[in-house]
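The next block holds one structure in the form of structure tokens; read it before the comments.
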Amino acid sequence: MSLDGAYDDANIFAKILRGDAPAAKVFEDDQVFAFMDVFPQGRGHVLVISKESKARNLLEVEPEALEHLILGVQRVARAVRAALKPDAIAIMQFNGAVSGQSVFHLHVHIIPRWSGVALRPHGEGGMADFGELAVLAKSIAAMIS
Ligand code: DGP
């Protein structure tokens with residue numbers, strides 16, 4: 001899908017928000033939802049999405065929803081740092097299939113990084129064990145402030 005197009009209510013993140021698909025939840029408030037990426041590029045890979053916006057990408061999102069989203073990203077990234085003690089944290093976001101975007105509900109990746117540990121390729125890593133993701137989600141959630 002290109003940068004242009006209509007929001008599809010059947011996308012997997014919309015299903016997760018509706019409770020129609022499972023997710024290892026890290027954090028939720030009125031505006032944002034954070035959960036473990038099931039195809040993680042590294043240990044502790046979290047996704048943050050807007051609950052209020054139907055923007056498919058950063059170019060479409062309403063300013064107020066973007067403000068809530070990025071504040072949610074900062075809050076969750078701080079919790080990831082506290083829980084997992086990474087050496088660094090990559091914040092990534094893709095717009096359009098050619099950039100690597102595969103789910104067309106705006107989302108931000110939070111990926112903790114450790115020195116000497118390579119990142120798995122975007123969209124090409126295997127599926128994580130859900131039980132392990134649930135444990136990680138709980139440890140990160142405990143550090144949300
Ligand atoms: P992007 O390629 O930027 O659109 O990122 C989409 C991410 O979503 C990708 O890292 C894999 C992840 N993903 C795909 N399907 C699911 C799912 O059903 N559950 C979860 N938790 N993550 C998913």
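Tabulated results
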{"quantity": "P(r), alpha carbons of segment 22-104 - 10 Å bins starting at zero, rounded %", "calculated": "16, 51, 31, 2"}
{"quantity": "Charge sum, other residues only, whose C-beta stays under 14 Å from residue 125's C-beta, Lys/Arg counted +1 and Asp/Glu -1", "calculated": "-2"}
{"quantity": "Hz values of 3J(HN,Hα) by residue in segment 31-36 - Karplus curve (6.51, -1.76, 1.60), Gly and Pro given as x", "calculated": "10, 10, 9, 10, 8, 6"}
{"quantity": "Segment 65-129: C-alpha gyration tensor shape, a/c 1.5 cut-off, then a/b vs b/c", "calculated": "oblate"}
{"quantity": "Student exercise, segment 39-145 dipole from Lys, Arg, Asp, Glu Cβ charges, in Debye to nearest 20", "calculated": "320"}
{"quantity": "Net charge contributed by nearby residues that have their C-beta within less than 12 Å of residue 61 (K/R +1, D/E -1)", "calculated": "-3"}
{"quantity": "For segment 111-142 and segment 81-99, distance of Cα centres in Å", "calculated": "11"}
{"quantity": "Reach of residue 15 by Cα under 17 Å, taken over lysines that are not fewer than 8 positions away in the same chain", "calculated": "25, 51, 54"}
{"quantity": "Separation of the residue 88 and residue 25 label points, Cα + 7 Å toward Cβ, nm", "calculated": "3.4"}
{"quantity": "Neighbour-count order for 30, 37, 8, 129, fewest beta carbons within 10 angstrom listed first", "calculated": "30, 129, 8, 37"}
{"quantity": "Rule-of-thumb Rg ratio for the chain [Cα; 2.2 N^0.38 Å; N residues]", "calculated": "0.98"}
{"quantity": "Which of 21, 55, 45, positive extreme of dipole for segment 19-96 (C-beta unit charges)", "calculated": "45"}
{"quantity": "Distant-in-sequence amide H partners of residue 113 (H built 1.01 Å from N, under 5 Å)", "calculated": "87, 88, 89, 90"}
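Read-outs throughout are calculated quantities, based only on the coordinates presented, and are distinct from any laboratory measurement. Owing to the predicted nature of the structure, the values given are computational and were not obtained by experimental measurement. All Cβ positions, glycine included, derive from the backbone under ideal geometry; neighbour counts span all protein chains shown.
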